[in-house]
Amino acid sequence: MSAPASLDQVVPPRASGFNRFARAFTASRTAVVGLTLLAVVVLLALLAAWIAPQNPYDLTQLDILDGRMPPGSTSASGMTFWLGTDDQGRDMLSAILYGLRISLFVGVTSAVVAAAVGALLGLFAAYAGGRIESALMRLVDLQLSFPAILIALMILAFLGKGVLNVVLALVIVEWAAYARTARASALIESRKEYIEAARAMGASPWRILLRHLLPNCLTPLMVIATVQVARAIALEATLSFLGLGVPVTEPSLGMLIANGYQYMLSGKFWISFYPGLALLFTVIAINLVGDRLRDVLNPRGAS
Amino acid sequence: MSAWLLRRLLQAIFVVIAMTVIVFIGISVIGDPVETLISQDADQGERLRTIAAFGLDRPLWVQYLSFLNGAIHGDLGRSFVYNEPALQVILQRMPATLELAVAAMLLAIVIGIPLGLFAGVKPHSPVSKAIMTGSILGFSLPGFWVGLLLIMVFAVQLGWLPSGGRGETRALLGIQWSFLTLDGLQHMILPALNLALFKTSLVMRLVRAEAREIIPQDYIRTARAKGLSERAVVSRHLLKNIMIPVVTIVGLEFGSVIAFSVVTETIFSWPGMGKLIIESIHVLDRPMIVAYLMIIVLLFVAINLLVDCLYAVLDPRVRTSR
């Protein structure tokens, strides 16, 4: 057995790897802006219950007389509505903070579940080969040839509204992209010697898949997952806007925009405008971070 | 070639049949059709008679076969709402959607190609950087929200353009079109712009990437060396070679424009088939949902088949590799 000192030289300590990554990531100013924006958005969503001026779902706190007030107006009880109110007299700022929470929840949950399902199926396809592989990949090709919004629309037409139904629809829409990436990187990895070594040592197929292949395919999957969260949030908002997404009792940003749509024509823009702005910032922040992740983690894309 | 084509055709047919199964099972899951067909106070005997009359007492696979038989003969059921054959209602709405989609694609090309060319030919100009940033924005902006902003600015604040509807239409070949009248064109501008937003960014980036790839090549250098003006180099040598991939992508994206028109039509009350399907889903008009999905599936399978055949004609490697 070799001494620990010499082992340190071969395997660099974890922290330095992360430091190197952090340095490369922060070299781009737009990426830092994106990350900061994303951190703010996530914090606002997590702390919504404590920082929102009002609980937008507590009907006792709402006064219908405060309905459709423009930004900056003051209610009868002396509260200022910085972003105005909706038709129920709900403070838009509070509604946006709570809506952000639902949008992020739907986006992140669907991306994580889709990543797990897609990655496993992709790895399995690469490992199994033959008929199973070609059948799975045909399915992936087929699904990716249809626009995401159509597939989601179809599933929600069958299942009906609901937060979990939306998550399920998004998972079905998204899994194919992960499966394709996981298979592609697993095909490269499985030719390498450490897989052969594991096989020679008699490791079971599942062990090779989960303990050896999966960790080494994680990087490209993480890059895709970041972009997919943004796509999922935008798609959920679109579906909710069409009235097929989340129910009225749990309004996401898309639902809030839909609620303000009818008042837009009479010039009351704020009910739709500010939730849309929040949605835009969220999506752009995630995309900026995702772009940088791809540049840093993918050596081929580095320019 | 013919063997390849036959296999590809069989594949397409298999996909269509598989989708009919999925759609049929899916549609059988939602709600009980008996509830919508029979009044609340009907007695048990009447219930059973109605169920038998609509054939809902048969096993699911028999129901599926009779649905498939109808579908082959162009009968996808009667709409509960319009009380007309569902297929007919959709086909009536189709020209409006196609017209809007074509207008959006044209806008994407007319705006996207010059901007992309500029960014590709002069990559270090600040204008090019602005164009590229704009295209990122085009990808990130939620499409439906942009539609609302367009209405807010151009219809409500400025009052320049109408906020919805198709405007005045005129008949051509027995079909009503908006693009033949001034009023119709005015109604079309905002929804077409909205629908074109994403594709414009796509065309822009594609043209820029292609231009960056072609400009360093020898024939461009030769053209410049023999003293051709920059204008002639770009329009005759560069643009011509860029057009092939651009036309391919634009053709491929046509389906997704029709898909996204579901959103645009809802925002701008454009009476096409996208708005129709959303309304049908809300009132659970099952024959309508089925008919729309089947038409969309056929459309996409046809587009994919066409593109594959085009590739096979253009690139012999595709034929031999399968």
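Extending 7 Å from Cα along the Cβ direction at A:LYS161 and again at B:ILE136 yields two label points whose distance is 3.7 nm. Per-peptide packing, taken as the mean over residues of other Cβ atoms within 10 Å, places B:283-290, B:83-90 in the sequence B:283-290, B:83-90 from highest down.
Fully extended, how many nm does the chain gain between A:LEU59 and A:VAL117 (0.36 nm per residue separation, minus their Cα-Cα distance)?
Values: separation 58, 0.36 × 58 = 20.88 nm, distance 3.98 nm.
Extending this stretch completely gives an extra 16.9 nm.
In chain A, the longest principal axis of the Cα atoms and the axis of helix A:253-264 are about 30 degrees apart. Chain A and chain B together bury an accessible surface of about 3200 square angstrom, both sides counted, with a 1.4 Å probe and no ligands or nucleic acids included. Counting only other chain Cβ atoms within 10 Å of each residue's Cβ, the peptide A:234-246 averages 4.
I'm a student and want to see the number: the projected area of the Cα convex hull of the stretch A:125-239, averaged over all directions, in nm². Each step should come with its number before you reach the end.
Numbers: hull surface 32.3 nm².
Result: 8.1 nm².
First check a/c for the stretch A:100-160, with a ≥ b ≥ c the square roots of the eigenvalues of its C-alpha gyration tensor; if it is under 1.5, answer rounded, and if not, answer prolate when a/b is larger than b/c or oblate otherwise. In terms of gyration-tensor shape, oblate. A Cα-only calculation for the stretch A:202-281 places Rg and Dmax at 20.0, 72 Å. With a Förster radius of 30 Å applied to the beta-carbon distance between A:SER266 and B:GLU279, the computed FRET efficiency rounds to 0.80.
Computed from the alpha carbon atoms alone, the convex hull of the stretch B:58-177 holds 231 Å³ per residue.
Ordering A:TRP270, A:ILE224, A:GLY34 by Cα displacement along the dipole of chain A toward the positive end leaves A:ILE224 in first place; charges were set at the Cβ atoms of Lys, Arg (+1) and Asp, Glu (-1). Once both labels are positioned 7 Å from their Cα atoms along Cα-to-Cβ, the gap between A:LEU277 and B:ALA18 label points is 4.7 nm.
For the stretch A:164-303, what does the equivalent ellipsoid look like in terms of its semi-axes, each the square root of 5 times an eigenvalue of the Cα gyration tensor, given largest first in whole Å?
Numbers: eigenvalues 353, 62, 15 Å².
After diagonalising the Cα gyration tensor, the semi-axes are 42, 18, 9 Å.
When a/c is below 1.5 the answer is rounded, else prolate if a/b is larger than b/c, else oblate, so apply that to the stretch B:191-322 with a ≥ b ≥ c taken from the square roots of the Cα gyration tensor eigenvalues. Could the numbers behind the result be given before it?
Working: a/c = 4.80, a/b = 1.95, b/c = 2.46.
Because a/c hits 1.5 or more and a/b fails to exceed b/c, the stretch B:191-322 counts as oblate.
Taking each DSSP H run with n ≥ 4 as -39500 (n - 2.57) and averaging over every residue of chain A yields -23000 deg cm²/dmol at 222 nm.
Measuring against 24 Å, Cα to Cα, the residue pairs B:LYS129/B:LYS199; A:LYS268/B:LYS199; B:LYS199/B:LYS240 contain A:LYS268/B:LYS199 as the ones spanning a longer distance.
Taking 0.36 nm per residue of separation and subtracting the Cα-Cα distance, full extension of the segment from A:LEU218 to A:ARG23 would add 68.2 nm.
Specify the angular offset, from 0 to 90 degrees and rounded to the nearest 10, of the alpha carbon long axis of helix A:14-26 from the longest principal axis of the alpha carbons in chain A. Compared with the principal axis, the helix lies near 50 degrees. Judged by the gyration tensor of its Cα atoms, with axes a ≥ b ≥ c, the protein assembly as shown is rounded; a/c sits under the 1.5 cut. Label-to-label distance, B:TRP61 versus B:LEU10, with points set 7 angstrom from Cα along the beta-carbon direction: 2.3 nm. Counts of other chain beta carbons within 10 angstrom of each beta carbon in peptide B:189-196 average 0. In whole percents, the pair-distance distribution calculated for the stretch B:253-314 from its alpha-carbon pairs, binned every 10 Å from zero, is 21, 43, 23, 11, 2. Straight-line cross-link partners of B:LYS275 among the aspartates and glutamates, defined as a Cα under 16 Å from its Cα and at least 8 positions apart when in the same chain: B:GLU99, B:GLU265, B:ASP285.
Quick one: putting +1 on the C-beta of Lys and Arg, -1 on the C-beta of Asp and Glu, what dipole do you get for the protein assembly as shown around its Cα centre, in Debye to the nearest 20?
Numbers: 48 positive and 38 negative charges, 565 e Å.
Charge dipole of the protein assembly as shown: 2720 debye, to the nearest 20.
Ordering of B:136-142, A:128-134 by packing is B:136-142, A:128-134, highest average first (other Cβ atoms within 10 Å, averaged per residue). Highest mean packing first, where packing is the average number of other Cβ atoms within 10 Å per residue, the peptides B:219-230, A:235-246 line up as A:235-246, B:219-230.
For the stretch B:81-101, backbone nitrogen atoms closer than 13 Å to the point 7 Å from B:PHE179 Cα along Cα-to-C-beta are found at B:95-101.
Counting only residues at least eight positions apart within a chain, or on another chain, the aspartates and glutamates with an alpha carbon under 15 Å from that of B:LYS122 are B:GLU210, B:GLU213, B:GLU230.
The trypsin sites (Lys or Arg not before Pro) of the stretch A:167-210 that meet both conditions, a loop assignment by DSSP and at most 16 other Cβ atoms within 10 Å of the site Cβ, are A:ARG191, A:LYS192. Per-residue shielding of B:280-292, expressed as the average number of other chain Cβ atoms within 10 Å of the residue Cβ, stands at 2. Taking Cα atoms only, the orientation of helix B:86-121 departs from the longest principal axis of chain B by about 20 degrees.
The values are calculated or read from the model by the stated rules, or taken from the named source; none is laboratory data. Fair warning: this is a prediction, and the values are worked out from it, not measured in the lab. Here the Cβ is made from the backbone with ideal geometry for all residues, glycine too, and neighbour counts use every protein chain on show. Accessible surface areas use protein heavy atoms only, side chains included; no ligands, DNA or RNA. Shrake-Rupley method; radii C 1.70, N 1.55, O 1.52, S 1.80 Å.
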